[in-house]
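No lab work stands behind these numbers, since they all come straight from the coordinates. Since this is a predicted model, take the numbers as computed values, not measurements. In this analysis, Cβ positions are derived from the backbone assuming ideal geometry, glycine residues included, and neighbour counts consider all displayed protein chains.
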Amino acid sequence: MARADRMTIDSGVPSMDLMESAAVAIARVASRVLQRMSGRRVLVLCGPGNNGGDGYVAARLLRAQRYKVRVASLAPPDRLRGDAARAAASWTGTLLPAQECDFHGVDLVIDALFGTGLARDLDPAAQTLVNRLNQWRRETKQSVISVDIPSGVDGTTGAIRGAAVEADETVTFFRVKTGHLLLPGRTRCGRLTCAHIGIRSTTLESMGVKAFVNAPELWLPHLPRPRVDGHKYTRGHALVVSGGASFTGAARLSASAALRAGAGLVTLASPTEALAVNASALTSVMVRPADGPVGLAHVLADERKNAIAIGPGLGVSEASCQQVEAALKPQAYRRAAVLDADALTSFESDPFRLWRATRGAPGPVVMTPHAGEFARLFAECDGNHANRSKLDKARDAARVSGAVVLYKGPDTVVAAPDGRASIQTGASPWLATAGSGDVLTGIVAGLLAQRMEGFLAASCAVWMHARAAEQFGPGLIADDIIATLPQVWRELCGESA
Ligand SMILES: NC(=O)C1=CN([C@@H]2O[C@H](COP(=O)(O)OP(=O)(O)OC[C@H]3O[C@@H](n4cnc5c(N)ncnc54)[C@H](O)[C@@H]3O)[C@@H](O)[C@H]2O)[C@@H](O)CC1
Ligand SMILES: Nc1ncnc2c1ncn2[C@@H]1O[C@H](COP(=O)(O)OP(=O)(O)O)[C@@H](O)[C@H]1O
Ligand SMILES: [K+]
């Protein structure tokens, strides 16, 4: 963001214009909130940098609109520099030291303490102020608007640096930052608005930005659709590997989801002992016997089976490792693979054995760990040291494994070995239900079978999974995600598709 600001200023846009535009956006949201609650009294908390500068300018604009505005400053105004100093100088109303400010009778607080320049944990005085603000908000149910990002949230990682403001609204500029999307930062933002302040979108092109909000524009042009002249084999054939007789449900969920995600055919490779239970519970999914790595290799000799999903219900064992190696075996045709659950955990004691297989695989490989599986498999990428975010960790994992890493959770990150990454926003917590991850694995496999590129298939699957949950609403169980996928397809492709 600092680079985007700098490039814009160098291209001739005065930096004060950027600050004025930022303040206009803040004042607009503030007056909307104040009108809704018929409030008039505003307290603006200003910090020592340009975030505080935005606060001073917003204070001036709101005062011009006849609101009763006071400013409380964390640093004495004579210690401010540059634009922040100019902004403070333009404020002629009430100004008091933040430590002495009183929230009594205030209708709205604007938090302009720290923005993207936050470089370390808040010092004790700032923490005390932030904690007092949060307590006042909880007790009075009055509103807080944060400028750029709730103060104390790290804009890059989403971590809380000592303490952080709990906002009802956050107004950010130009582009949403990763700290707004990743947990716990996201939970502090309230409603997020992104305002244009005069930075051109072409600025990003020269910066080689590779992190995206996971939204249809990222992958929609590549979304597979059935062709008028197609048949089921042109839509791809996904193979899902089942566990033993008492662990078959997970793979069946994956298999049904792969079909609903558009694969033309789906076959469940089942141990002989589980054949009867699998066959009796499935109709459109085919079931074939396959015992152990040798049995799986036999089924895989059919190269039309161009995508494989393995892991759900598989069991943690050496045999599972060998089945994964059979699934990833180098061959002439580009079979894609998605590895989940026990296909990952089975390699806990020797992750490099898995990386050898993923790196040598003939086609795209997607791994779908949740936080527990990620910690087991990517211990060296997972440490909390050096303020590294979930985005950094997923990217590191993708680099070491040479695979697309779909790191699940409320803020699912998909990372590719080339550095591209997407972050899912706003997934329903109802997705935290047994079998939901198995369904996601199946959707990825279904899209890979239709030859969608690995990173795009994984991102698209995460979005469809989350969108299905949103459309279904409360009470969701894993089966409902599968049943709701047609609605998601209709939304993406229109009624006629
Ligand atoms: N031209 C620009 O650069 C623009 C910047 N804008 C605003 O400027 C903000 C970034 O401004 P700055 O880079 O000045 O950074 P901030 O205002 O976020 O904070 C930086 C200041 O706080 C101090 N600081 C950092 N961490 C601290 C801590 N833990 N405890 C105490 N002091 C700490 C730094 O030494 C520095 O003085 C953005 O968030 C945005 O609100 C907008 O006005 C748009 C234009
Ligand atoms: N609090 C949450 N909010 C949104 N999505 C969640 C939340 N918790 C889990 N999920 C999603 O639900 C799915 C759960 O997958 P997983 O942990 O593998 O469960 P299971 O093994 O039971 O299928 C993942 O897609 C994950 O991203
Ligand atoms: K702020």
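A few points about this structure:
- In loop segments of region 33-75 as defined by DSSP, the trypsin sites (Lys or Arg not before Pro) with at most 10 further C-beta atoms inside 10 Å of their C-beta are Arg66.
- The calculated FRET efficiency for the pair Ala371 and Glu318, based on their C-beta separation and a Förster distance of 30 Å, comes to about 0.75.
- Formal net charge of residues neighbouring Phe212 (Cβ-Cβ distance under 11 Å; K, R +1; D, E -1): +2
- The chain, dipole about Cα centre (Lys/Arg Cβ +1, Asp/Glu Cβ -1), debye to the nearest 20: 1060 debye
- With at most 16 other Cβ atoms within 10 Å, longest stretch of the chain clear of loop GluC sites (Glu not before Pro) (DSSP): 1-302
- Label-point separation in nm, Arg200 to Thr94, each point 7 Å along Cα→Cβ: 4.5 nm
- Charge-dipole axis of the chain as Lys and Arg at +1 and Asp and Glu at -1 on Cβ define it, positive-most pick from Thr178, Val228, Val44: Val44
- Neighbour-limited loop hits for trypsin sites (Lys or Arg not before Pro), region 221-284 (at most 16 other Cβ within 10 Å; DSSP other than H, G, I, E, B): Arg227
- In the chain, Cα pairs under 8 Å separated by at least six residues give a relative contact order of 11 percent.
- If you take the Cα centroid of region 414-428 and the Cα centroid of region 434-465, the two points sit 13 Å apart.
- Distant-in-sequence amide H partners of Leu192 (H built 1.01 Å from N, under 5 Å): Thr170
- The chain - mean residue ellipticity at 222 nm from DSSP helices (-39,500 (n - 2.57) per run, n ≥ 4, rounded to 500): -12500 deg cm²/dmol
- Loop-located trypsin sites (Lys or Arg not before Pro) in region 123-167 whose Cβ has at most 11 other Cβ within 10 Å (DSSP): Lys141
- Distance from the Cα centroid of region 100-127 to that of region 365-413 is 33 Å (rounded to whole angstrom).
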